[in-house]
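Trainee: First, the structure itself, so that you have it in front of you.
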Amino acid sequence: IPLYLLHWPDKKTPLEDTIDVIERAQKEGKVLNFGVSNFSVSQIREANAILRICAVQIQYNLIDKSAESEIIPCCKELSIGMVVYGPLAQGLLTGKYTKVDKFDTSDRRSRLPHFQNEALDRHMKLIERMREISRREGGKSVAQIALRWLLDKGEVSSVITGAKTPRQIEDNVGSLGWHLSEADAQYLAGMEE
């Protein structure tokens with residue numbers, strides 16, 4: 001296994017016991033690298049003190065930048081790579097949704113805060129900024145702008161994208177091979193939550 005992630009801290013099992021099993025799997029050649037997901041800064045530090053962490057998986061995007069306050073600085077300090085999930089904010093940062101779109105109660109977006117009222121109003125302003133950049137960048141999609149913003153951040157090792165269609169895969173790949181200007185990156189990052 002190239003990268004084995006502990007997806008959530010286990011409150012019932014001591015961290016040392018869990019990591020001991022991973023370390024044995026590494027020694028047996030079954031696991032190459034070890035990482036964590038959904039761990040707090042103190043949990044990251046604790047785990048890394050027991051066994052070197054290669055990657056921390058975090059939710060991070062233009063709407064949810066909460067990782068910038070503690071997680072990202074911790075990973076930088078400890079030289080741990082960051083694997084980003086949720087880069088398109090459950091589709092909101094693709095630009096395909098508007099304020100009038102409604103989701104069935106079985107759709108988790110109906111419960112997510114960034115799809116609600118005032119937050120959605122703020123996010124629509126961000127998406128309009130992304131559309132401005134899209135026009136200047138020769139028609140790059142809103143999703144490509146969102147992904148490129150992450151990929152241009154030196155602390156981000158990789159970005160996990162989701163796709164339901166071949167077209168979405170092609171669109172995601174279109175975020176490669178170019179860069180946002182520093183001014184555009186700052187213009188986007190300036191939209192506060």
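Trainee: I need a count of the residues in the stretch 45-65 that are open to solvent by 10 Å² or more (accessible area, probe 1.4 Å), in a helix (DSSP H, G or I) and in contact with a Phe, Trp or Tyr (Cβ under 8 Å, 6 or more places away or on another chain).
Mentor: The qualifying residues number 0.
Trainee: Inside the stretch 152-162, can you point out the residues that are open to solvent by less than 50 Å² (accessible area, probe 1.4 Å) and either more than 25 Å from Ser79 (Cβ to Cβ) or touching a Pro at 6+ places or on another chain (Cβ under 7 Å) (or both)?
Mentor: Listed by number, the list holds a single entry, Val159.
Trainee: Could you tell me whether any residue of the stretch 113-130 is in contact with a Gly (Cβ under 7 Å, 6 or more places away or on another chain), open to solvent by less than 20 Å² (accessible area, probe 1.4 Å) and either closer than 15 Å to Ile63 by Cα or outside any strand (DSSP E or B) (or both)?
Mentor: Yes, that holds for at least one residue.
Trainee: Across the stretch 18-33, what is the number of residues that are open to solvent by 70 Å² or more (accessible area, probe 1.4 Å) and either modelled with pLDDT under 95 or of a type in the set (Val, Ile, Thr) (or both)?
Mentor: Pass one, the stretch 18-33, residues open to solvent by 70 Å² or more (accessible area, probe 1.4 Å): 20-21, 24, 27-28, 30, 32.
After this cut, where a residue has to be either modelled with pLDDT under 95 or of a type in the set (Val, Ile, Thr) (or both) as well, the list is 21.
Residues in the stretch 18-33 being open to solvent by 70 Å² or more (accessible area, probe 1.4 Å) and either modelled with pLDDT under 95 or of a type in the set (Val, Ile, Thr) (or both): 1 in total.
Trainee: Looking at (1) on the phi < 0 side of the Ramachandran plot; (2) free of Cβ contacts under 8 Å to residues at least 12 places away in the same chain, which one does Ala143 not meet, given that it meets all the others?
Mentor: (2)
Trainee: Just give me the residues in the stretch 138-193 being acidic (Asp, Glu) and within 18 Å of Lys96 (Cβ to Cβ), in sequence order. So that I can check it myself, show each step before the final result.
Mentor: Here is the first cut: in the stretch 138-193, the residues acidic (Asp, Glu) are 152, 155, 170-171, 182, 184, 192-193.
Result: Glu170, Asp171.
Trainee: Another question, then. Could you count how many residues in the stretch 21-43 are in a helix (DSSP H, G or I) and either touching a residue at least 40 places away in the same chain (Cβ under 8 Å) or in contact with a helix residue (DSSP H, G or I) (Cβ under 6 Å, 6 or more places away or on another chain) (or both)?
Mentor: First, pick out the residues of the stretch 21-43 that are in a helix (DSSP H, G or I): 21-27, 41-43.
Right, trim to either touching a residue at least 40 places away in the same chain (Cβ under 8 Å) or in contact with a helix residue (DSSP H, G or I) (Cβ under 6 Å, 6 or more places away or on another chain) (or both) and you get 41.
Number of matching residues: 1.
Trainee: Something else about it: Which of the residues that make up the stretch 82-111 are of a type outside the set (Phe, Trp, Tyr), at pLDDT below 80 and not in a helix (DSSP H, G or I)?
Mentor: Residues of the stretch 82-111 of a type outside the set (Phe, Trp, Tyr): 82-84, 86-96, 98-102, 104-111.
Filter once more, so that each one left must be at pLDDT below 80: 98-102, 104-111.
Within the stretch 82-111, Thr98, Lys99, Val100, Asp101, Lys102, Asp104, Thr105, Ser106, Asp107, Arg111 qualify.
The values are calculated or read from the model by the stated rules, or taken from the named source; none is laboratory data. Worth saying up front: this structure is predicted, and the values here are computed from it rather than measured. Cβ coordinates were reconstructed from backbone atoms using ideal geometry, including for glycine residues, and neighbour counts include every protein chain displayed. Just the protein is used for accessible areas: all its heavy atoms, side chains included, with ligands, DNA and RNA removed. Shrake-Rupley method; radii C 1.70, N 1.55, O 1.52, S 1.80 Å.
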